[in-house]
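The values are calculated or read from the model by the stated rules, or taken from the named source; none is laboratory data. Bear in mind that the values here come from a model prediction, so they are computed numbers and not experimental data. Here Cβ is always computed from backbone atoms with ideal geometry, including for glycine, and neighbour counts include all displayed protein chains.
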Amino acid sequence: MASGTETSGSGDIGRTLELLWDTGRRPSRGPKPGLTLDRIVDVAVEVADRDGLGAVSMRRIATELGTGTMSLYRYVPGKGELIDLMLDRVQRPSEDPDDLGDGGWRSALHTLGHAALALYRRHTWLLEVNQSRPILGPSAMDGMERVLARIKPMGLTDPELMSVIIMVDGYVVGAARTQVYEAEAERRSGLTDAQFWAAQQPTLEKAMRSGRYPVLASLSEDTFGAGFDHFEFGLQRILDGLEVLVAARSAAHGSAAAEQSP
C-alpha cells in the first residue's frame, strides 16, 4: 500500500464544496436514467474498498455503472473532487445520537478512538490519502460538532479541544496503519504472523543466549504475545493524561473563583 498517493483538496475546491453542500448546479437531465452523484460516489467507494484507491478512475467508475465516461463529468469534474466526496461519504456519522456512548468526555473519546480504528480498517484506502488539509463537508462537520459537544465539559480552551481530537485521530491513524500493513504483509508473503516469527525464532534464541541482550532475554514469554491489546493500552494512557490536565484545569479555575469571591 502506497502512502499519500492522493491529496484532499487537489481538485477544484469551490466546485467540491458546491457538490458536498448541494449548493451547486446539477445536470438538468441525466444522460442515463438512474445516474446520480450519490450513486457515482457509492460505486467509487466500493471500488476503493475492493481494489484500492489506485483502481479508482473516472473510466473505471463509468464501466462499473455501465455508462460512458463523459456522462460522469456532468456530475463531478474529476478524480480530485471525487476523492473528497468519497472521504465525506465514509465519514458520515451514525444517526444514533448516543453513538458516542452515554458517559462523559472520556467515554466519548474512547468510543471515538475505536470507531475511527474500525473506519480505517473498513476503508483501508483512507490511509492512502493525504488529509492534512481536508475539504470540510457536512459529514465531517456533523461528526466534529457531535464530538465537540461531548468533550466541551472538559473545561479546556477551544484550540485545546480541537487538539484533543487531532491527538486521538493521530494515534488511531498510526495504529491503523500498522494493523493494515501487517495484514497486507501476510497477504503478500503468504506467511501468517505466527509463521513469520517462527522462522526467526532459532536465530533470535541464539542471540538471547549470547549475553549481548540481557534485558531482552529477561522479558517474560508473553511480552510479544498476541493477547495484549496495544491499541487499547495506548488509548487509555492518552485518556489518563487528559484526565490529569482536566483535573488540574478544574482545580485552577476553582482556586481563581475562590480568590475572587468576597
Within 30 Å of Gly241 (Cα to Cα), exposed (fewer than 13 other Cβ atoms within 10 Å of the Cβ) and within 24 Å of the chain's Cα centre (by Cα): does that describe Gly113?
no
Select, from Ala175, Ala183, the only residue that is under 30 Å from Asn130 (Cβ atoms) and either at pLDDT below 95 or in a loop (DSSP other than H, G, I, E, B) (or both).
Ala183
Check the stretch 59-71 and report whether any residue there is at pLDDT 95 or above, more than 22 Å from Tyr181 (Cα to Cα), touching a Ser or Thr at 6+ places or on another chain (Cβ under 6 Å) and among the small types (Gly, Ala, Ser).
yes
Conditions first: (1) under 24 Å from the mean Cα position of the chain (by Cα); (2) at pLDDT below 95; (3) not in a loop (DSSP other than H, G, I, E, B). Arg249 passes all but one, so which condition is the exception?
(1)
Looking at Asp222 and the list (1) surrounded by 11 or more Cβ atoms within 10 Å (Cβ to Cβ); (2) modelled with pLDDT under 95; (3) among the charged types (D, E, K, R), which single condition is not satisfied?
(1)
Pairs returned, first residue in the stretch 209-221 that is more than 18 Å from Trp197 (Cβ to Cβ), second residue that is of a type in the set (A, V, I, L, M) and surrounded by 10 or more Cβ atoms within 10 Å (Cβ to Cβ), beta-carbon separation under 9 angstrom, 6 or more apart or interchain, are Ser210/Ala217; Gly211/Ala217
Return yes or no: is Gly190 closer than 21 Å to Arg237 by Cα and of a type outside the set (Val, Ile, Thr)?
no
Report, ordered by the first and then the second residue, all pairs with beta carbons closer than 8 Å, sequence separation of six or more or different chains, a first member in the stretch 179-203 that is closer than 24 Å to Glu221 by Cβ, and a second member that is among the hydroxyl-bearing types (Ser, Thr, Tyr).
Glu186/Thr192; Phe196/Ser189
For Asp158, are the conditions met, namely being of a type in the set (Asp, Glu), modelled with pLDDT under 95 and surrounded by fewer than 16 Cβ atoms within 10 Å (Cβ to Cβ)?
no
Given Met144, Met167, which one is at negative phi and at pLDDT 95 or above?
Met167
Inter-residue pairs, beta-carbon under 7 Å, first free of Cβ contacts under 8 Å to residues at least 12 places away in the same chain and more than 24 Å from Arg122 (Cα to Cα) and in the stretch 47-73, second of a type in the set (S, T, N, Q) and surrounded by fewer than 17 Cβ atoms within 10 Å (Cβ to Cβ), 6+ apart:
Arg59/Thr69
Do any helices (runs of 4 or more DSSP H) lying entirely in the stretch 42-106 carry at least 2 residues that are more than 23 Å from Pro138 (Cα to Cα), and which ones are they?
58-65, 69-72
Checking Val168 against (1) over 19 Å from Asp240 (Cα atoms); (2) in contact (Cβ under 8 Å) with a residue 60 or more places away in the chain, which test does it fail?
(1)
